[in-house]
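To start, the structure under review is shown below, and the notes come after it.
The values are calculated or read from the model by the stated rules, or taken from the named source; none is laboratory data. Because the structure is a prediction, the values reported are computed rather than measured. No Cβ is skipped: glycine too gets one built from the backbone with ideal geometry, and neighbour counts run over all protein chains shown.
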Amino acid sequence: MTTEPIRDKKQLRALANYWLKRGNLRNYTMIVLGVCTALRISDLLRLTWEDVYDSERRAFRAHVTLTEKKTGKHKTIALNRQAVKALSLYFPHRRGRYIFANNREGAAAISRTQAWRVIRAAAEAVKAAGRIACHSLRKTFGYFAWKAGVQPVMLMDIYNHSSFEITRRYLGISQDDRDKVYLAMTLF
């Protein structure tokens with residue numbers, strides 16, 4: 001079974017706010033940054049504070065630059081206001097080099113399994129619809145970008161997909177979405 005994007009902004013906010021209300025800024029930031037950057041969980045968990053914060057200027061960077069683990073491709077991602085806001089909230093509480101550090105001594109990054117637990121716990125608590133897991137964050141970015149009118153070719157480029165078919169599946173285009181197109185057309 002494949003994971004699905006979160007298709008409802010109210011549920012998306014509830015998912016992130018689940019952790020914010022509990023004072024867990026690491027988990028909140030992971031969800032916000034995961035959606036805002038559309039990174040695979042393996043790349044998201046490898047992010048360090050140095051990747052997002054310029055200590056000389058004492059300011060967050062405008063972009064994150066990295067090499068994708070899966071593809072080996074170089075990628076530059078603009079950090080939007082929501083991402084910077086989440087990072088700013090969490091920054092004073094950072095523990096070590098990795099943004100998403102575990103709670104143990106040495107502060108290595110949390111595992112993919114732990115990231116899955118974080119997302120699943122929030123999804124279950126807020127009764128998020130669909131099969132929600134780590135990859136849902138990445139897919140959610142594309143789903144809302146597509147709904148906002150971003151061209152599919154741009155999403156293919158952002159995701160580094162080789163075909164539109166792969167991107168179409170990512171977007172989670174449903175029969176309801178197709179029905180809206182048919183019903184909105186007034187041709188005669």
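Of the residues that sit in region 47-81 and are out of contact with any helix residue (DSSP H, G or I) (no Cβ under 7 Å at 6 or more places or on another chain) and of a type in the set (Val, Ile, Thr), which one is nearest to PHE100 (Cα to Cα)? Once the filter is applied, the top-ranked residue is THR48. In the set ARG94, ARG57, only one residue is over 15 Å from ARG138 (Cα atoms) and exposed (fewer than 14 other Cβ atoms within 10 Å of the Cβ); that residue is ARG57. Under the condition of being among the small types (Gly, Ala, Ser), closer than 21 Å to ALA107 by Cα and under 14 Å from the mean Cα position of the chain (by Cα), the residues counted in region 60-94 number 1.
For region 147-188, a residue qualifies if it is at pLDDT 85 or above, β-branched (Val, Ile, Thr) and more than 18 Å from SER136 (Cβ to Cβ), and the qualifying residues are VAL150, VAL153.
Here region 133-188 is the region considered, the condition is being of a type in the set (Ser, Thr, Tyr) and surrounded by fewer than 17 Cβ atoms within 10 Å (Cβ to Cβ), and the residue that is nearest to ILE41 (Cα to Cα) is SER162.
When TYR28 is tested against (1) over 18 Å from ALA133 (Cβ atoms); (2) in contact (Cβ under 8 Å) with a residue 12 or more places away in the chain; (3) among the hydroxyl-bearing types (Ser, Thr, Tyr), exactly one condition is not met: (1).
Within region 98-146, take every residue that is more than 14 Å from TRP19 (Cβ to Cβ) and of a type in the set (Lys, Arg) and give me the one that is modelled with the lowest pLDDT. Looking at residues that are more than 14 Å from TRP19 (Cβ to Cβ) and of a type in the set (Lys, Arg), I get ARG104. Where helices (runs of 4 or more DSSP H) fall wholly inside region 102-188, the ranges with 1 or more residues that are of a type in the set (A, V, I, L, M, F, W, C), in contact (Cβ under 8 Å) with a residue 24 or more places away in the chain and closer than 19 Å to PRO5 by Cβ are 112-125, 134-147, 152-159, 164-171.
Select from region 73-101 the residues that are in a loop (DSSP other than H, G, I, E, B), closer than 12 Å to VAL52 by Cα and either small (Gly, Ala, Ser) or touching a Leu at 6+ places or on another chain (Cβ under 7 Å) (or both) and list them in ascending order. ILE99, the sole residue that qualifies.
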